[in-house]
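Data block below; observations after.
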2 protein chains.
Amino acid sequence: MIGYYHFINMEEKAENKKVGIKEIAKLANVSIATVDRVLNNRKDVSDKTRAKVQAIIKEHNYQPNLYARALSVKNNLSFAVLIPKTSSQTGYWDLCLKGIKQGIEEFSTFGISIDIFLYDQEDVRTFLKMSEDVLSRNFNAVVIAPIFITETTRFVEECKKRRIESIFVNSDIKGCSSLGYIGPDLYSTGRLAANLTSYLVPANSKVLILNIARGLQNYAYLNTKIEGYTDYLNKLDRSFEILNIDIPSNNYEEIAIDLLRHVNNIEPDLIFVTNSRVSVVGRFFDEYRNIKKPHIIGFDFLTENVDFLANGMVDFLICQRPDKQGYLALNYLYRHFLLKDVKENFKPMPIDILTVENYLFYEN
Amino acid sequence: MIGYYHFINMEEKAENKKVGIKEIAKLANVSIATVDRVLNNRKDVSDKTRAKVQAIIKEHNYQPNLYARALSVKNNLSFAVLIPKTSSQTGYWDLCLKGIKQGIEEFSTFGISIDIFLYDQEDVRTFLKMSEDVLSRNFNAVVIAPIFITETTRFVEECKKRRIESIFVNSDIKGCSSLGYIGPDLYSTGRLAANLTSYLVPANSKVLILNIARGLQNYAYLNTKIEGYTDYLNKLDRSFEILNIDIPSNNYEEIAIDLLRHVNNIEPDLIFVTNSRVSVVGRFFDEYRNIKKPHIIGFDFLTENVDFLANGMVDFLICQRPDKQGYLALNYLYRHFLLKDVKENFKPMPIDILTVENYLFYEN
DNA sequence: CAACATCTCGTTAACGTTACCGAAATGATT
DNA sequence: AATCATTTCGGTAACGTTAACGAGATGTTG
């Protein structure tokens, strides 16, 4: 025997893995139907036998076979997904949709049907129309990306009345949805961007916060990011000059004109693009080579953004796994309705940092 | 009708989701047994009926119900896991073990039994003993963290003779294992560290590469990281002064003495700790407050490392999700043996960057 | 053409759980 | 004491797949 080594054998565990509902029934001297009633704490069981069965279940650490359950149960649950459609400006919501589709693939096996409703994030009327459509059918739950705050709040109220569960992705309206929020902590996301900023530029630098999108007033969640960003930088006390600029357009030519003016005026050392439109800024500095390129930080693993990460135009891309958010939302609903597993209160999603050196391995 | 909106209905898909083996059988005018034979391309089917059934399967895009399959199949697969035990120096392997245990939890439902063999990464004899133990039982496959290159290579050869599949985690020996490697691309990992380095320190800085561990000659994979690191920095052409120092010890007091000497001698602007021992360096500069603290980059999401990330002592922690590696290895074996799903050739694991601002949300 | 091997295919019992149906026991009302 | 309602429980078909078993058809050999 060699002096120092360690060995764990899991066989004991493997041995008593077989405790099924049938064994429990035999041990408790009841039928499997009764055990099933106890397990799913249904009625039609006397307190005495219930206690007896529960004791045996606990004693043998019975774990239900989820696959058998999934096979047996014939439910006709239906979920709705209500998110923005991908615009020509950014493929962000395609990523989310990708995760949703993965979820559909996986959960359709259980007889769950999932309908997708895509609204135009620049036109509140499409959201209203879509949310009406959702209500006109009879869904058990709905996944929502809440862009229009007041309209979404009103919609969720209506859902509550009809006992339709709701869950948010991408951004949150505090205490609104019935099941919670799956997504990043936006304030921390802003702080992280500031943290990276502090590594990129020295004291006394000029930092430009850039908000690009038509209908900016709708994107309330951007402000949370900006708060985190400026809070962090101000606390650093490095005498940064911080400017917050809005460019409320979706047209590159328009944006370029504005950007040219601001950049010439401010001469920033770093530009922080608060959403996924960072590729626009990359393109700008690609075209105006005579202008000194500042450091650039932006969001989201879109192909067009990654291109500018790859060629060194963008320093950091911060990502929040939108596809995983979509998948997790459906996964949570599935567990909420089918398994009795819903202990968790969601933690915020991880915030990923991508550079030219690690983006190749970033899969979701 | 409002002008511009989009709506995807998945109901068509939901409608014909029900194509099961039974429907296929009816449509092909054969029994379900024959369909099963075709699906798992077993023998005992004439070419004619096989073709007919295959056509109908393809036509209706039949997807097997994995849960039913899992429920039905009664296999007695057994896997072995052969990785280092967690030393007092670093909890790294506990993380991997965590993922392994999650896999055991999940796959024991299928009657797969998994045994864990932990060897001492400082004592090759324990590895030899453990690998003998593995061979003495009759496993279908083994997950290996290859620390001792020649010994592991020999062991895998023996496995191949006995038709035992093998898969590597954490680091790779090219072309050795029968099923491949699940883990990070170590060269890129080094490059990423260098990339971050370039953000932390200006030109002409002194950079110290620090290898801390007893028995350093065994950790061949560290060299791959160092290569990536130096290649990147040299190409940058910023006249960095790069020094590579080994401290082959596991004892903090010993390490501190060496470190003190080197730090006083070199006065580095940045220290790159090539493994998970970065907390040791953090502790050192916590104790020697009079010495000017350099920037510090290190590896792995260990609690002791995260502490120094949180208090600002360490700038970046690079992580490779060891628990996910462990889980994925078992997951792959499960799929390899139980599902006919093994199309994939593994992509390297993502390389995560952690700072004081995003570590809170880093779960695995 | 008898005897036997081989190829092809269908029948059916499992896997562990759920849920419907109805039987038995108990309680309540005349 | 008879009737009816309610509570408690067991039997069992079903979910989609696998695999053991055996039946029939066809081929091969003497």
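A few notes on this one:
- Residue among B:Asp258, B:Asp237, B:Asp307 with the largest mean-square fluctuation in a Gaussian network model of chain B, springs linking Cα atoms under 10 Å: B:Asp237
- Solvent-accessible area of B:Asp44 with every protein chain in place, 1.4 Å probe, in Å² to the nearest 10: 120
- Shown here is the pair-distance distribution of the range A:105-161: with all Cα-Cα distances grouped in 10 Å bins from zero up to the longest one, the shares run 20, 52, 23, 5 percent.
- If only the Cβ of Lys and Arg carry +1 and only the Cβ of Asp and Glu carry -1, the dipole of chain A around its Cα centre is close to 1920 debye.
- Whole-number D in µm² s⁻¹ for the range A:135-241, Kirkwood Cα-pair radius fed into Stokes-Einstein, 4 °C, 1.567 mPa s: 82
- Percent of beta bridges antiparallel (DSSP, the protein assembly as shown, rounded to nearest 5): 15
- Between 0 and 90 degrees, the angle of helix B:47-59 with respect to the longest Cα principal axis of chain B falls at about 60 degrees.
- Karplus-derived HN-Hα couplings along the range A:135-151 (A = 6.51, B = -1.76, C = 1.60, θ = phi - 60°), whole Hz, x at Gly and Pro: 5, 5, 8, 10, 7, 8, 7, 9, 9, 10, 9, x, 8, 8, 4, 5, 5
- Accessible area in square angstrom per residue, chain A, 1.4 angstrom probe: 46
- For the range A:47-77, a decrease in accessible area of 40 Å² or greater in the assembled protein chains relative to the isolated chain, with a 1.4 Å probe, applies to A:Tyr67, A:Leu71.
- Protein accessible area in the protein assembly as shown, 1.4 Å probe - carbon and sulfur %: 48
- Pairwise burial B:A, computed as accessible area of each alone minus the pair, summed, 1.4 Å, Å²: 5800
- When chain B is treated as a GNM with alpha-carbon contacts under 10 Å, the residue of B:Thr153, B:Thr189, B:Thr109 showing the greatest mean-square fluctuation is B:Thr109.
- Here the gap between B:Glu158 and B:Lys74, fully extended at 0.36 nm per residue and compared with their Cα-Cα distance, gives a gain of 27.4 nm.
- Trypsin sites (Lys or Arg not before Pro) restricted to the range A:143-192 and DSSP loop, no more than 10 other C-beta within 10 Å: A:Arg162, A:Arg163, A:Lys174
- For B:Ile116, nonlocal amide neighbours, meaning residues 5 or more places apart or on other chains whose placed amide H falls under 5 Å from its own, are A:Ile8, A:Met10, B:Val81.
- Taking chain B and dividing mean pair separation by its residue count, relative contact order in percent (alpha carbons under 8 Å, at least six apart): 15
- Against chain A, whose longest principal axis is taken from its Cα atoms, helix A:220-236 shows a tilt of about 70°.
- DSSP finds beta bridges in chain A, and of those with both partners inside it, around 10 percent are antiparallel.
- Top of A:Ile257, A:Ile116, A:Ile297 by mean-square fluctuation, Gaussian network on chain A, Cα under 10 Å: A:Ile257
- Once the gyration tensor of the Cα atoms in the range A:186-319 is diagonalised, the equivalent ellipsoid follows with semi-axes of 20, 17, 15 Å, ordered largest first.
- Working from Cα pairs under 8 Å separated by at least six residues, relative contact order for the range A:177-329 is 27 percent.
- Ordering A:Ala51, A:Phe155, A:Pro268 by Cα displacement along the dipole of chain A toward the positive end leaves A:Ala51 in first place; charges were set at the Cβ atoms of Lys, Arg (+1) and Asp, Glu (-1).
- For the range B:278-364, the set of chymotrypsin sites (Phe, Trp or Tyr not before Pro) satisfying both a DSSP loop assignment and a count of at most 15 other C-beta atoms within 10 Å is given as B:Tyr288, B:Phe346.
- Split chain B at each of the GluC sites (Glu not before Pro) in a DSSP loop with at most 10 other beta carbon atoms within 10 Å, and the longest piece is B:1-343.
- Spacing of the two label points (7 Å from each Cα toward its C-beta) at B:Asn204 and A:Asp123, in nm: 6.1
- Among the trypsin sites (Lys or Arg not before Pro) within the range B:23-61, those in coil by DSSP and having at most 16 neighbouring Cβ atoms inside 10 Å are B:Arg42, B:Lys43.
- Cα lying deepest toward the dipole's positive end in the range A:11-64, options A:Asn40, A:Asn29, A:Val19, charges on Cβ: A:Asn40
- If you wrap the Cα atoms of chain A in a convex hull and average its projected area over all directions, you get 26.3 nm².
- Across the range B:48-170, the mean sequence separation of Cα contacts (distance under 8 Å, 6 or more residues apart), normalised by length, yields a relative contact order of 27 percent.
- Globularity ratio of the protein assembly as shown, using Cα Rg and 2.2 N^0.38 Å: 1.07
- Applying D = kT/(6 pi eta Rh) to the range A:11-64, where Rh is the Kirkwood radius over alpha-carbon pairs, T corresponds to 20 °C and eta to 1.002 mPa s, the Stokes-Einstein value obtained is 191 µm²/s.
The values are calculated or read from the model by the stated rules, or taken from the named source; none is laboratory data. Quick caveat: nothing in here was measured; it's all calculated off a predicted structure. Positions of Cβ are backbone-derived with ideal geometry, glycine not excepted, and every protein chain shown enters the neighbour counts. The accessibility values were calculated without ligands, DNA or RNA, using every heavy atom of the protein model including side chains. Shrake-Rupley method; radii C 1.70, N 1.55, O 1.52, S 1.80 Å.
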